[in-house]
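Below is one structure, written out as C-alpha cells; comments come after it.
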Amino acid sequence: MAVAPLAIVSPPEGAHFEPSRVPGMSDAELDALPFGVICLDPDGKVLRYNLAEARLARLDRAQVVGHDFFRRIAPCTATPEFEGRVRAFFGSARRVERFPALFDFKFGAQHVEIELVRVPANDCVYLLVNRTRFDAPREGLPVGFQAPLQGELAPGEFELGVMRDASARRVLFVNTSFLTALHQTWLKVAPKAWQGFSREWGWQWGRHAVVDLEADLLEEKGQTLRDLSMREAMERTSHWAAVHGLGTMRFDFTGAPHGLFEVTLERSAVGEAVGPSSAPRCSLIEGLLEAVCEHLAHRLLAVRELRCCAQGCRACVFVVATEHRGPALEQAIAEGAQSVAQLVEALHGTP
Amino acid sequence: MEHPELVAGLPDDEIPVNIYFDGFDWDGAGDDPGDDAGSPSVEALLERPD
C-alpha cells in the first residue's frame, strides 16, 4: 500500500520549517522526526543517522555512523541511480533533488522517496528518506547486495551483555526499582522538581514513542497515525503503553463537547513505583501522552493527572485539553476537582 | 498556538493532517457537534467510515 510522506509537529519553540532546516537541527531534533535522515560526507561515510532511519532499517547507529554507507551499510544503493546521484549532487549547484529508490533489506524491500538537501559548506549531504511502500524481500539478488542485518554488523553482542528487540533496538530489562530509585533521588536532591522533571522526561520519551508508533503502523499496515480515527490512534497508544509495561490505558471521550477527553491508566507502573503520595505522581505519563497527542492533533496540548493511584485511587486519570487551558486545569485540580464534570464546571468560561 | 508542521518533501500547504484530531473541538466552544454541516460529531471523530 502506498503512503504519503509522514508529517510531525515541530518542537513547541519551532519556527517555520522547511527541509533545508534539517542540517541545522540537533541530534535530538532529528530523532523526533518520523522519517529517516542520513548525513553523508563526500566519501559516503555516515556522519549522522536519526532514530527513525535506525528503527526502519533495524540497525543500531552505533554500528552505522562512521562507516561507508554505500559499501557496508546499504550495498543496495551502490548503483549509478543512487550513489551516482548523490555523488553528482556534491558537484552540482542544485539545492535539493528528489528521486525514488528501493532499499533492499533481508527482512523486506522498502520503496522510498529520497530528498537530497545540500548544506552551504558543501562538505556533506543530507538524505531525507520517506518510506512509501513495504514489500517482501526480493529474491534472486546477488550475494552481498542486500543491506546487512544488525547481527551481521555486530556479531556476538548477546555474549557482551547487549540485548535487542525484534527491531534490533538495544533494550534494557529493568524492574520498577529503577523508577523508585529515580524518584527517591529527586526527592533527595530536588524535592519540588519531580513533577517538572518527569513531565519533561515523559514528553521527550513521547517524541520517541511517536517515531515508534509511526514506524510500527507503517510496517504493519502501510498507514500513518494521521490516517487513524481518534479511537484507533489512542488504542495503538494504549497497546504501546501496555507492551512497555506501563499499565492499561482506556479512553473516555464524553468530555469532547467541552474540548477535552479523559485517559484512565490502570496499574500505572510509575504510580506504583513511587509509592504513597498526597499529590498525583504520574507526570512521566502526562508528558508521554502530551507528546503523542500533540503529534496527532498538530497543536500544543496539556495533559494533567486528575487523580493518581499513588494517592490511593483505583486508577490514574488524566485529562487532555488544549495547552492554554493547562493553568486552569492545574488550579481546578489543586482546588479539589475529582471528575471531568467538576473540571468542566471549573473551566466554564475559560477560553 | 498551532504547531508549524514538518514534513520531508512537501510544501507547507500540502501537509496532510489527521482530520479526526483536527476536527475535535479543542476550544470547547460549546458548539453542538454534528448540528451544522461543517462540524463533525464526536462519533465521526472516533470511528473511520467503513
Please list, by residue number, every one of the trypsin sites (Lys or Arg not before Pro) in the stretch A:162-265 that is coil in DSSP and has at most 15 other beta-carbon atoms within 10 Å. A:192
Looking at the P(r) of the protein assembly as shown, how many percent of alpha-carbon pairs lie beyond 36 Å? 30
Scan chain A and report its longest stretch carrying no GluC sites (Glu not before Pro) that are both in a DSSP loop and have at most 11 other Cβ atoms within 10 Å. A:140-334
Cα-based equivalent ellipsoid of the stretch A:172-347: semi-axis lengths in Å, sorted from largest, via gyration tensor: 24, 21, 14
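Under the definition of partner shielding as Cβ atoms of other protein chains within 10 Å of a residue Cβ, what is the mean value for peptide A:318-328? Before the final figure, lay out each step's value.
On the way: counts 0, 0, 2, 3, 6, 2, 3, 3, 0, 0, 0.
Across A:318-328, the average partner-chain Cβ count within 10 Å equals 2.
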For residue A:203, what is the net charge nearby, where nearby means another residue's Cβ is under 9 Å from its Cβ and Lys, Arg count +1, Asp, Glu -1? -2
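Summing -39500 (n - 2.57) over the DSSP H runs of n ≥ 4 in chain A and dividing by its residue number, what mean residue ellipticity at 222 nm do you reach, to the nearest 500 deg cm²/dmol?
On the way: 11 runs with 115 residues, N = 351.
Result for chain A, helices only: -10000 deg cm²/dmol.
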Going through the DSSP H helices of chain A, which span 24 Å or more along their own axis at the Cα atoms while scoring at least -1.0 as a mean Kyte-Doolittle hydropathy? A:194-221
Using only atoms on other chains, find how many Cβ atoms lie within 10 Å of each Cβ of peptide A:223-233 and report the average. 5
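Quick one: putting +1 on the C-beta of Lys and Arg, -1 on the C-beta of Asp and Glu, what dipole do you get for chain A around its Cα centre, in Debye to the nearest 20?
200
Take peptide A:249-256, look around each residue's Cβ out to 10 angstrom, count Cβ atoms belonging to other protein chains, and average those counts. Show your work: numbers first, answer last.
On the way: counts 0, 0, 1, 0, 5, 1, 2, 10.
The shielding value for this peptide is 2.
Quick note: the coordinates plus some simple rules give every number you see, no bench work behind them. Since the model is a prediction, treat every value here as computed from it, not as a measurement. When we count neighbours, we look across all protein chains shown, and the Cβ atoms used for this are built from the backbone with ideal geometry, even at glycine.
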